[in-house]
Amino acid sequence: MGGVPQGRREFLLVGLNPGLVGLALARLLRQEILDRIIGEFGIKVDLTEGVEVPGLGEGSRVFRVRCPVGDGVYLVDTEAGKLIACHPHIVGEELAELSLEAALDAARVILELTPLGEVDWGEVVFEHVLRAAPGYRLHEALRKVSGRGFREVWVRPRYMTPSYRDHDEEAVKRIVVVYEDFSQLPEGVELTVLKPDTEASGRTGEVALERIARAAEEKGSKLGNLIVYGFISEPGLRVIEEKARKLGFKHTYYFAIGDLTALCSNLYDMPLYGPDESYYTERGGIKLLGGVVDHLTLERYLLDFIPGADQPGDWSARQTRVFTGTGYEPGGIEKHLRNSMGLIRRLWELSRGQPWFMEFHEEAIRRELEALEAKLSEYGSE
């Protein structure tokens, strides 16, 4: 039974019934698989260390990333976050419930590991980046966990060209702000800014930070702490950090759901690991990517994550309805489901026969496509 297991029997041993051969052997087999995946994709599992935070949900864990970025980069590993990241068929109310569950733990972590618990809450500002960011539900979770209130401001940067799976440099030049409301921003104080959002390329995040910095200057306020939460890519993290420091933020803290993702060549897709589908489509070659994650989290994701899949997906489109600044509109669930099915099928095609593509990956693809089909029939019948 040397090497990495490939057959159905080994899959069952590793994933479903370790009692068949004993727990020790099952762990050995699983470790062999993890080691191979880590090596093939260059996943960085040696940059994390566990952090104890009281009061988290069952199975939730926090890891600090050892890197020279900001005052703290953390991975918040929850079962809810894993379900969202691995299953694009989770949309609508189910997504909203899981997002709140993940955000409740994130709020506890943020209160514990940043100065938020010590500052004057009259100086705390939540920057909502429209349309998608309120769907992370961190503002609701923070109110519930802290019992405190805070100021809220709104900004909507928008790509003037279609941006689904296309955040390339040409599209970046066409970001405009179509709505903003900084009326609640306090005057003459040092701000603590919370900004939940999906940080892929970091370009819309840069615009959002520029706008709040301008508004703060107009009101005679300074930039103190910046706290970012959501799905965050490694490159996006560095873009946001560079912009925040240039604008004058004194301290920065980052809280990523599960992992710091890799970023595909389209500057949009954010896989934990896998082939870069956009690179393959454009250039015809196989480019393998790996993010930053703790070994325990990678093991949690092992049997459900589809290599190359975009963990957040089109975040606004996964929601039932989203706020635009002037009203509410449908997120676009049916379109998200169809797009997800297309991407997964293309990943399946380019992954077949590759040495790193294992039977449990194919099982995960089959299960997810079935779930997407079922969900699409549900929404298509409405």
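When Ala24, Ala107 are screened for being free of Cβ contacts under 8 Å to residues at least 40 places away in the same chain and outside the structural domain of Asn225 (by TED's automatic domain parsing), only Ala24 passes.
For the stretch 122-136, the tally of residues that are in a helix (DSSP H, G or I) and either surrounded by fewer than 22 Cβ atoms within 10 Å (Cβ to Cβ) or β-branched (Val, Ile, Thr) (or both) stands at 2. Every condition in (1) part of a helix (DSSP H, G or I); (2) under 30 Å from Asp46 (Cα atoms); (3) of a type in the set (S, T, N, Q) is met by Ser340 except one, and the failing one is (2). The set of residues in the stretch 35-47 that are of a type in the set (Lys, Arg) and not in a helix (DSSP H, G or I) contains only Lys44. Scanning the stretch 48-101 for residues that are surrounded by fewer than 22 Cβ atoms within 10 Å (Cβ to Cβ), over 15 Å from the mean Cα position of the chain (by Cα) and either of a type in the set (A, V, I, L, M, F, W, C) or assigned to a strand (DSSP E or B) (or both) turns up Glu49, Gly50, Val51, Val53, Leu56, Arg61, Arg64, Cys67, Val69, Gly72. Being assigned by TED's automatic domain parsing to the domain that holds Phe231 and closer than 19 Å to Tyr254 by Cα is a description that does not apply to Val155.
Yes or no, residue by residue, for (1) within 30 Å of Ala26 (Cβ to Cβ); (2) out of contact with any helix residue (DSSP H, G or I) (no Cβ under 7 Å at 6 or more places or on another chain); (3) of a type outside the set (Ser, Thr, Tyr):
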site	(1), (2), (3)
Val239	no, no, yes
Lys246	no, yes, yes
Pro271	yes, yes, yes
Ser278	no, yes, no
Ile286	no, no, yes
Gly291	yes, no, yes
Arg300	yes, no, yes
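The sole residue among Gly290, Gly284 that is without any contact (Cβ under 8 Å) to a residue 12 or more places away in the chain and not charged (D, E, K, R) is Gly284. Does the stretch 274-295 include one or more residues that are under 25 Å from Arg64 (Cα atoms) and assigned to a helix (DSSP H, G or I)? Checked against the condition, which is being under 25 Å from Arg64 (Cα atoms) and assigned to a helix (DSSP H, G or I), the stretch 274-295 yields at least one hit. Count of the stretch 254-269 residues, restricted to those that are more than 24 Å from Arg66 (Cα to Cα) and touching a helix residue (DSSP H, G or I) at 6+ places or on another chain (Cβ under 6 Å), is 2. Applying the condition of being in contact (Cβ under 8 Å) with a residue 40 or more places away in the chain and of a type in the set (A, V, I, L, M) to the stretch 110-121 and asking which residue is surrounded by the fewest Cβ atoms within 10 Å (Cβ to Cβ) yields Val119. Looking only at residues in the stretch 261-298 that are of a type in the set (D, E, K, R) and at pLDDT below 95, the one that is farthest from Ala200 (Cα to Cα) is Arg283.
Just the residues that are among the aliphatic types (A, V, I, L, M) and crowded, with 19+ Cβ neighbours inside 10 Å, please, taken from the stretch 30-44. Within the stretch 30-44, Ile33, Ile37, Ile43 qualify.
The values are calculated or read from the model by the stated rules, or taken from the named source; none is laboratory data. Just so you know, these numbers come straight off a predicted model, no measurement behind them. Reconstructed Cβ throughout: ideal geometry from the backbone, glycine too, with neighbour counts over all protein chains shown.
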